[in-house]
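S.K.: If you scroll down you'll find the structure; I have some questions about it.
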Amino acid sequence: MWIPTLESKATQGWGTQAGYNDTMIFETFPVGPLQCNCTILGDEQAAEAIVIDPGDEIARIHRRLTELGLKLKQILITHAHIDHVGGALKLKRLTGAPILLNENDLPLLKMMDEQAGWVGIATPETAPPDAGLTDGQRVGLEAYPAQVIHTPGHTQGSVCLHFAPMKLLIAGDTLFAGSIGRTDLPGGDSEQIIDSIQSRLLALPDETKVLPGHGPGTTIGSERRGNPYLRTR
Ligand SMILES: [Zn+2]
């Protein structure tokens with residue numbers, strides 16, 4: 001969950017992650033009323049993909065996968081807020097791909113009626129995940145693996161996905177460009193989110209690109225230097 005205060009458009013420039021290699025497909029686009037950044041990461045050669053945070057606009061995501069000729073292998077959820085997980089079951093039904101979510105967010109998943117009320121939208125149908133996302137777990141595609149980093153604070157089950165070979169972090173709602181995730185919703189903890197970011201995310205190399213759950217991309221280095229929420233320690 002995130003309430004946008006700025007025009008949350010600026011994932012431009014992330015289009016294809018050009019230059020990494022020729023067979024990687026990388027598309028990020030905001031979905032739903034809260035404009036959650038949804039990502040399709042595909043391997044053209046293997047004709048496989050993962051989708052991260054399909055919060056809404058599932059027909060569009062599914063159409064894109066079909067256009068690209070990619071079989072969906074995993075649906076990865078950074079945390080169980082409605083704007084990130086709301087479309088996951090629909091996408092699973094269309095593709096057969098399993099949903100992965102950290103088990104500490106199961107209580108939030110069960111609060112979907114209440115979450116829908118916060119946003120003022122209809123309650124999406126959800127189901128328990130097919131598997132967990134635990135710290136250190138390897139997920140993603142054979143060619144583009146990611147390591148799960150458990151970063152509680154925004155929610156207790158919040159995770160980031162670190163694609164080390166690509167120098168890329170998918171940050172969910174833990175770290176934003178110039179900001180951090182809100183902690184005033186159930187399961188939020190303001191000291192814990194700072195600790196998660198300081199101890200786990202700022203441990204990554206400065207050149208690591210960061211794609212937050214909303215709004216523009218950034219890097220670990222520029223957040224280390226300029227993020228006002230991370231200066232006090
Ligand atoms: Zn959230």
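The values are calculated or read from the model by the stated rules, or taken from the named source; none is laboratory data. Because the structure is predicted, anything quoted here is derived from the model rather than measured. Every residue, glycine among them, receives a Cβ derived from its backbone with ideal geometry; neighbour counts consider all protein chains shown.
S.K.: Under the condition of being within 28 Å of Gly86 (Cβ to Cβ) and in contact with a helix residue (DSSP H, G or I) (Cβ under 8 Å, 6 or more places away or on another chain), which residue from the stretch 215-233 is nearest to the ligand (Cβ to nearest atom)?
M.R.: My answer is Tyr229.
S.K.: Which one of the conditions (1) more than 12 Å from the ligand (Cβ to nearest atom); (2) free of Cβ contacts under 8 Å to residues at least 24 places away in the same chain does Ala146 fail to meet, given that it meets all the rest?
M.R.: Here Ala146 clears every test but (2).
S.K.: How about the stretch 41-108: which helices (runs of 4 or more DSSP H) wholly inside it have at least 1 residues that are over 16 Å from the mean Cα position of the chain (by Cα)? Spell out how you get there, then give the answer.
M.R.: Working: elements: 58-68, 82-85, 88-95.
By residue number, 58-68, 88-95.
S.K.: Sticking with this one: Return the residues of the stretch 84-110 that are within 16 Å of the ligand (Cβ to nearest atom), crowded, with 21+ Cβ neighbours inside 10 Å and either at pLDDT below 95 or not charged (D, E, K, R) (or both); say none if nothing qualifies.
M.R.: Scanning the stretch 84-110 gives His84, Val85, Gly86, Gly87, Ala88, Leu101, Asn102, Leu108, Leu109.
S.K.: Yes or no: the stretch 58-78 includes at least one residue that is surrounded by fewer than 18 Cβ atoms within 10 Å (Cβ to Cβ), hydroxyl-bearing (Ser, Thr, Tyr), out of contact with any Pro (no Cβ under 8 Å at 6 or more places or on another chain) and over 20 Å from Phe163 (Cβ atoms).
M.R.: Checked against the condition, which is being surrounded by fewer than 18 Cβ atoms within 10 Å (Cβ to Cβ), hydroxyl-bearing (Ser, Thr, Tyr), out of contact with any Pro (no Cβ under 8 Å at 6 or more places or on another chain) and over 20 Å from Phe163 (Cβ atoms), the stretch 58-78 yields at least one hit.
Let's see how each residue does on (1) under 20 Å from Leu34 (Cβ atoms); (2) crowded, with 24+ Cβ neighbours inside 10 Å; (3) at pLDDT below 95:
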{"position": "His162", "(1), (2), (3)": "no, no, no"}
{"position": "Gly172", "(1), (2), (3)": "yes, yes, no"}
{"position": "Arg200", "(1), (2), (3)": "no, no, no"}
{"position": "Lys209", "(1), (2), (3)": "no, no, no"}
{"position": "Gly215", "(1), (2), (3)": "yes, no, no"}
{"position": "Gly221", "(1), (2), (3)": "no, no, no"}
{"position": "Leu230", "(1), (2), (3)": "no, no, yes"}
